[in-house]
1. Which one of these is in contact with a Gly (Cβ under 7 Å, 6 or more places away or on another chain), modelled with pLDDT under 90 and β-branched (Val, Ile, Thr): Val129, Val80?
2. I'd like the residue in the stretch 40-55 that is surrounded by 12 or more Cβ atoms within 10 Å (Cβ to Cβ) and within 13 Å of the chain's Cα centre (by Cα) and, out of all such residues, is nearest to Arg132 (Cα to Cα).
3. Hey, Val105 hits all of (1) within 30 Å of Leu14 (Cα to Cα); (2) at pLDDT 90 or above but one; which does it fall short on?
4. Kindly indicate whether any position in the stretch 90-99 is under 30 Å from Ala128 (Cα atoms) and either surrounded by fewer than 13 Cβ atoms within 10 Å (Cβ to Cβ) or of a type outside the set (A, V, I, L, M, F, W, C) (or both).
5. If you check Glu58, Glu65, Glu32, which single one turns out to be surrounded by fewer than 16 Cβ atoms within 10 Å (Cβ to Cβ) and at pLDDT below 95?
6. Can you name the residue in the stretch 78-128 that is among the hydrophobic types (A, V, I, L, M, F, W, C) and over 30 Å from Gly66 (Cβ atoms) and, of all such residues, is farthest from the chain's Cα centre (by Cα)?
Amino acid sequence: MRTTLNPLREMDELARAVSRLLGEPVGAVGGEHAIPVDLLETDEELVVLAYLPGVRREDVAVEVEGRVLSLTARRELTPVEAGEFLHLESAYGSMTRRITLGEGVRPDAITAGWRDGVLTVRVPKADAVKPRRIPVADEGGSPDPANAA
């Protein structure tokens, strides 16, 4: 067993302590991590892209409860044949991300897909919040063809 000071291990222990204090994952090695995501919005839907390299599809779960979308995943640490890690930046263990969905989405129609370590979750918008073009009628009540959809 080594007794020398390892600054990188000390930094990881500090990160775990901060994570416990804040009650929020901050990326401490071996603890619970926040899944990195990109969010994008189109006229039709919200799209969540969750990046999970090294995670198997069967170790990923997507759930929705009320207006909260929850992503969970688990990645095992890849064993090494000899030596020990001096520093780890890759996340392993439990990972989660909770996203509060705004009004105007259809949680009953959420879909999820998996490709090359990227989870894509599609949250359709309700028809009431989708943009639509309103034709402008002339004084006689017939629509102007230039403004028709």
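The values are calculated or read from the model by the stated rules, or taken from the named source; none is laboratory data. All figures in this text were calculated on a predicted structure; none of them were measured in a lab. Note: ideal-geometry Cβ built from the backbone for every residue, glycine included; neighbour counts use all protein chains shown.
1. After applying the criteria, what remains is Val129.
2. Among those that are surrounded by 12 or more Cβ atoms within 10 Å (Cβ to Cβ) and within 13 Å of the chain's Cα centre (by Cα), it is Leu46.
3. The failed condition is (1).
4. Yes, some residue in the stretch 90-99 is under 30 Å from Ala128 (Cα atoms) and either surrounded by fewer than 13 Cβ atoms within 10 Å (Cβ to Cβ) or of a type outside the set (A, V, I, L, M, F, W, C) (or both).
5. Within the list Glu58, Glu65, Glu32, the selection yields Glu65.
6. Applying the filter and picking the extreme gives Ala82.
Residue by residue, here is whether (1) free of Cβ contacts under 8 Å to residues at least 60 places away in the same chain; (2) out of contact with any helix residue (DSSP H, G or I) (no Cβ under 6 Å at 6 or more places or on another chain); (3) of a type outside the set (A, V, I, L, M, F, W, C); (4) farther than 17 Å from Val37 by Cα holds:
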residue: Val62; (1), (2), (3), (4): yes, yes, no, no
residue: Arg75; (1), (2), (3), (4): yes, yes, yes, no
residue: Asp108; (1), (2), (3), (4): yes, yes, yes, yes
residue: Arg115; (1), (2), (3), (4): yes, yes, yes, no
residue: Ala126; (1), (2), (3), (4): yes, yes, no, yes
